[in-house]
Amino acid sequence: MPDVTRKLELPRQNPSASDFYICEFPKSGITFLTVLLANAFLAANNFRARATFASVRNYIVDLCVAELTESFLFTDPPVRFYKTHSIFSAQFIHSLYLVRHPADVMMSNFRYAQGRGWWDSDDVAAFLEHPVLGLDAWCRHVDSWLVDNRTASDVVFVHLIRYEDLVADPIAVLKALDGNFGWNLPEHAMEEALAMSSRSAMREQESRYRQHNPNHEFEFVAAKESAVEQIVRQQVAARCKAQLTLLGYPKA
């Protein structure tokens, strides 16, 4: 499982000022965001290729599985993206920090851990105490990015994205990123990216991947969730008050 308690060592030989790190606590929606960004930059650079569920790592390296690999360099603007679950590091000069309501994160991780065989119990309350994927780990992750590094905010640039906002209006999120970092992406590139990266398109891409790889049994692009168990909501409201307030989520 991803170790979200450590900082990456960033051992690559040629780190660049144009490197951007897309960061999340596991199961916060990073697959959608990476495919969206990759397609926006591919379209802006007039590439025929487009990123899919199965090909997005051609353009955005996942440092959890390929820590020594260098990501693809887009030339206009000159940007390289890396995906990570790491806690905050001052070496992440430009970061896109993606968050999702912790109750939804906990339930998504709970189902995923069961599917992977990391967790063999149906006890959701016990899972919330998991040292790496539980509620305290989520709170520490958020604090490392948005509380503990406050004094470095003019040196290390962090752009916060809420998953719920990303799903509701992906173009608005892209435009906010574009304006903040001065990429000057053309409008058509954002629209093409959305067409390739919509939930329905990505669900179709994952289904196609599954047809050609019978080992792929999980749904990263999940259907809309049913109501989250009340015990998770209660624990989140009781234990994550400061983080919920910081991120603008209701406490109940």
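Regarding D136, is this residue assigned to a helix (DSSP H, G or I) and at pLDDT 85 or above? The answer is yes for D136.
Being modelled with pLDDT of 90 or more, closer than 30 Å to L177 by Cβ and not in a strand (DSSP E or B): is that true of D148 here? Answer is no for this residue. Of all residues in segment 210-252, those being farther than 19 Å from Q114 by Cβ, surrounded by 12 or more Cβ atoms within 10 Å (Cβ to Cβ) and either among the hydroxyl-bearing types (S, T, Y) or modelled with pLDDT under 65 (or both) number 1. K83 - would you say it is part of a loop (DSSP other than H, G, I, E, B), buried (at least 20 other Cβ atoms within 10 Å of the Cβ) and either in contact with a Ser or Thr (Cβ under 8 Å, 6 or more places away or on another chain) or of a type in the set (V, I, T) (or both)? Considered against the rule, which asks whether it is part of a loop (DSSP other than H, G, I, E, B), buried (at least 20 other Cβ atoms within 10 Å of the Cβ) and either in contact with a Ser or Thr (Cβ under 8 Å, 6 or more places away or on another chain) or of a type in the set (V, I, T) (or both), K83 comes out as no.
Only one entry in A44, A49, A125, A54 is over 30 Å from P186 (Cβ atoms) and not basic (K, R), namely A125. The residues in segment 151-174 that are of a type outside the set (S, T, N, Q) and assigned to a helix (DSSP H, G or I) can be counted, and the count is 12.
The values are calculated or read from the model by the stated rules, or taken from the named source; none is laboratory data. None of these values were measured; they are calculated from a predicted model. Cβ coordinates were reconstructed from backbone atoms using ideal geometry, including for glycine residues, and neighbour counts include every protein chain displayed.
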